[in-house]
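K.L.:
Mind having a look at this structure? Questions to follow.
Taken together, the values in this text are just the output of simple stated rules run on the coordinates, not laboratory data. The model shown is predicted, which means the values in this text are computed figures rather than measured ones. Quick reminder, even Gly has a Cβ in these numbers, built from the backbone with ideal geometry, and neighbours come from all protein chains shown.
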Ligand SMILES: [Zn+2]
């Protein structure tokens, strides 16, 4: 596995453990050259779930892409990696359970927003702004109002 820092191909496995009920093996590695550490995940290859995008084109569901989108939204917010990883795992499982071959990107976006809204208003608005691609102030205001409504209902502060 190529070191993400210096591209060396050899690394030493420091720690190996199974997660997600035994379906994933997580390995903590140290590069033999630059000695920096990184993590790799090994999982069973699944049939690709296709994501149908707004423009109608399709691409295979990528867990990493979902993770990156969420990480961008929670940047500098008090949300730890375990929470994000759990969220991604949960969403992926729900998608694979409910959808056999394809799912619209809208469904995925809504699942992320439902969860972010529960844990952090700022992250929610950030994600929504990218996802809904606000082209004007109106879209932004609507999203904030939806959040407000949700918080006013008392559910947002659990
Ligand atoms: Zn390295």
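K.L.:
Between helix 137-152 and the chain, what is the angle of the helix's C-alpha long axis to the longest principal axis, kept within 0 to 90° and rounded to the nearest 10?
P.N.:
For helix 137-152, the angle is close to 90 degrees.
K.L.:
Can I ask one more? Name all residues of segment 9-26 having a backbone nitrogen under 13 Å from the label point set 7 Å from the Cα of residue 93 along its Cα→Cβ direction, giving them as ranges.
P.N.:
Residues passing the 13 Å test: 19-24.
K.L.:
Between residue 82 and residue 153, with labels modelled 7 Å along Cα→Cβ, what's the label distance in nm to one decimal, could you check?
P.N.:
If labels sit at residue 82 and residue 153, their model points lie 3.0 nm apart.
K.L.:
A further question follows. Any chance you could give the angle, 0 to 90 degrees and rounded to 10, that helix 105-119 forms with the longest Cα principal axis of the chain?
P.N.:
80 degrees
K.L.:
Starting from the Cα gyration tensor of the chain, take the square roots of the eigenvalues, sort them a ≥ b ≥ c, and report rounded, prolate or oblate (rounded when a/c is under 1.5, otherwise prolate if a/b is larger than b/c, else oblate).
P.N.:
Working: a/c = 2.01, a/b = 1.65, b/c = 1.22.
Here the chain falls in the prolate category.
K.L.:
May I ask you to order 77-89, 1-13, 113-125 by the average number of other C-beta atoms within 10 Å around their residues, highest value first? Write out the running numbers ahead of the final one.
P.N.:
Details: 77-89: 14.7, 1-13: 13.0, 113-125: 19.2.
Taking the mean over residues of other Cβ atoms within 10 Å, the ranking is 113-125, 77-89, 1-13.
K.L.:
Something else: Enter the per residue convex hull volume of segment 1-44, computed from alpha-carbon coordinates, in Å³ rounded to the nearest integer.
P.N.:
Here the figure is 59 Å³ per residue.
K.L.:
If you don't mind, another one. Modelled label-to-label distance, residue 102 and residue 44, 7 Å Cα→beta-carbon offset: nm?
P.N.:
Each label point lies 7 Å from its Cα, and together they span 2.6 nm.
K.L.:
With each label point set 7 Å from Cα along the Cα-Cβ vector, what nm distance links residue 1 and residue 144?
P.N.:
4.2 nm
K.L.:
Okay, next question. Measure nothing but the geometry: give the 0 to 90° angle between the long axis through the Cα atoms of 121-131 and the longest principal axis through the Cα atoms of the chain, rounded to 10°.
P.N.:
90 degrees
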